[in-house]
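Asks: Starting off with a structure, shown below.
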Amino acid sequence: MNPLDIFLLSINGLSERKFRFALNLVGILIGCAAITGLISMTQGLQSNVAGQLDMFGPTNLMVIPGEMGGGPPMQGGVKFNWRDVEIIAKLQDVKDATPIISNVFAEYTIEGRFFRTDIYGVTPKYKELNANTQLASGRNFKLSDSAVVVVGSNVAHPKDLDEPIVELGDRIKITARVDGEEKTLTLRVIGILEETGGNIGANLDDSLSIPLQTAHTLYDTGGDFDFILAQADSLEVVDPAAERIEEKMGDRASVVTAASAQESVSAVLGTIQSVLGGIAGISLLVAGIGIINTMTVSVMERTKEIGTMKAVGAQSLDIMLMFLSEATLTGAIGGALGAAFGYFLAGLIGRFINLPVDSSLLLGAEVVVFAIVTSVASGLYPAYRASNMSPVEALRHE
């Protein structure tokens with residue numbers, strides 16, 4: 001038999017058993033949709049994080065309290081002071097350093113809407129060292145500034161509104177609770193940041209940045225800081241600069257670079273992707289078992305048909321290829337539909353949770369190939385059994 005005849009017989013065999021074919025398709029579709037959707041979302045998350053790390057700056061160093069491997073970064077209530085900033089700034093391979101006050105919050109109301117957000121106390125150097133803090137309008141802090149604020153893009157223009165609610169020159173009255181005491185401060189908006197999508201140590205889009213001294217006064221920090229942002233002289237000396245900082249600070253601090261953060265994030269997301277892919281793969285395994293069952297029953301039902309085909313000259317290889325063709329068609333159609341449905345679900349969920357999705361054609365092709373391989377592997381035994389039937393016994397079958 002020529003390949004075209006085998007292909008047409010496979011199509012005819014599937015069309016005569018539409019319900020079972022549909023059940024097999026659904027099983028493969030669910031597995032492929034799960035694989036495609038989950039991997040697309042994790043790849044999108046990884047690309048998004050990588051983009052944020054790139055904006056952080058390849059030569060920047062975030063100095064955080066405590067040891068990375070020894071517990072939470074803020075273990076033991078470790079804080080930094082101006083002496084720490086000066087020590088780090090004077091180290092070899094370090095261009096400059098600036099302190100950051102973080103982990104404090106404030107509440108405010110605009111146009112009858114209540115908000116609670118992060119507050120960051122920074123110096124004018126922060127914008128110079130952090131490439132992520134580009135202003136859409138307005139200006140950066142000056143050393144003489146006090147009751148002023150630079151707002152994130154989402155603060156000025158919430159995503160659920162058509163028009164901005166904060167503009168340059170507006171006043172924002174914030175309320176902070178410090179040691180059980182409620183304190184208020186009115187700030188004048190001098191700058192609005194461009195959208196950043198987040199950053200190491202700061203989610204600037206939804207935050208308010210105020211001068212460092214203003215944050216000290218408002219939150220009674222006693223001259224302490226939560227983080228120090230440093231910058232290496234060049235990309236080539238980032239690792240040596242990080243090592244010098246950790247050596248100088250001892251167990252009081254750890255240093256996060258863009259590269260080290262990327263490695264950690266990639267490792268975590270890779271593990272998540274593997275686990276999710278494995279869970280989705282179980283669905284394909286279940287679908288494969290269904291294919292084995294369906295094709296085995298199909299062989300039993302088509303025993304006389306197989307005997308007739310062999311009696312008129314069909315070879316064992318032709319019979320095997322016919323059943324394997326049915327399995328291939330099932331896998332190809334189920335895989336293609338599943339990949340398309342997975343892309344659709346990933347895009348829908350991504351828009352709902354505001355997460356970019358990386359849906360590559362290569363992933364879809366790999367999922368379809370995986371579905372075909374799973375289907376063919378599942379159909380091998382039933383196809384082999386059909387091909388080895390004796391024509392005489394098959395024709396006598398009731």
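Asks: Under a Cβ-only charge scheme (Lys and Arg +1, Asp and Glu -1), can you give me the dipole magnitude of the chain about the Cα centre, in debye to the nearest 20?
Replies: Taking the Cα centre of the chain as origin, the dipole is about 1020 debye.
Asks: Can you tally the net charge around residue 38? Count Lys and Arg as +1, Asp and Glu as -1, for every other residue whose Cβ sits under 15 Å from the Cβ of residue 38. All intermediate terms of the calculation are to be shown ahead of the outcome.
Replies: Working: positive: none; negative: 358, 366.
My count for the surroundings of residue 38 gives -2.
Asks: In terms of modelled amide H atoms, which long-range or inter-chain residues lie less than 5 Å from the amide H of residue 194?
Replies: Result for residue 194 returns 134, 135, 136.
Asks: Cα extents of the range 60-233 along the three principal axes, largest first, in whole Å?
Replies: 48, 37, 33
Asks: When the Cα atoms of the chain are enclosed in a convex hull and the volume is divided per residue, what value in Å³ results?
Replies: Dividing the Cα hull volume of the chain by its residue count gives 200 Å³.
Asks: For the chain, what does -39500 (n - 2.57) per DSSP helix run (n ≥ 4), summed and divided by total residues, give at 222 nm, in deg cm²/dmol to the nearest 500?
Replies: Value at 222 nm, helices only: -18000 deg cm²/dmol.
Asks: While we're looking at this one, here's another question. If I model a spin label as a point 7 Å beyond the Cα along the Cα-Cβ vector, how far apart are those points for residue 4 and residue 348 in nm?
Replies: Placing both labels 7 Å beyond Cα along the Cβ direction yields 4.1 nm.
Asks: With r as the distance between the Cβ atoms of residue 146 and residue 82 and R0 = 30 Å, compute the FRET efficiency 1/(1 + (r/R0)^6) and round to 0.05.
Replies: Numbers: r = 19 Å, r/R0 = 0.62.
Efficiency, rounded to the nearest 0.05: 0.95.
Asks: With label points built 7 Å along Cα→Cβ from the Cα atoms of residue 355 and residue 268, find their separation and express it in nm.
Replies: 1.3 nm
Asks: Where Lys and Arg each count +1 and Asp and Glu each count -1, what net charge lies around residue 176 among other residues with Cβ under 12 Å from its Cβ?
Replies: For residues surrounding residue 176, the net value is -2.
Bear in mind that the values in this text are calculations on the coordinates, not laboratory data. As the structure is a prediction and not an experimental result, all values here were calculated from the model. Neighbour counts are summed over all protein chains in view; Cβ atoms, including those assigned to glycine, are modelled from backbone coordinates with ideal geometry.
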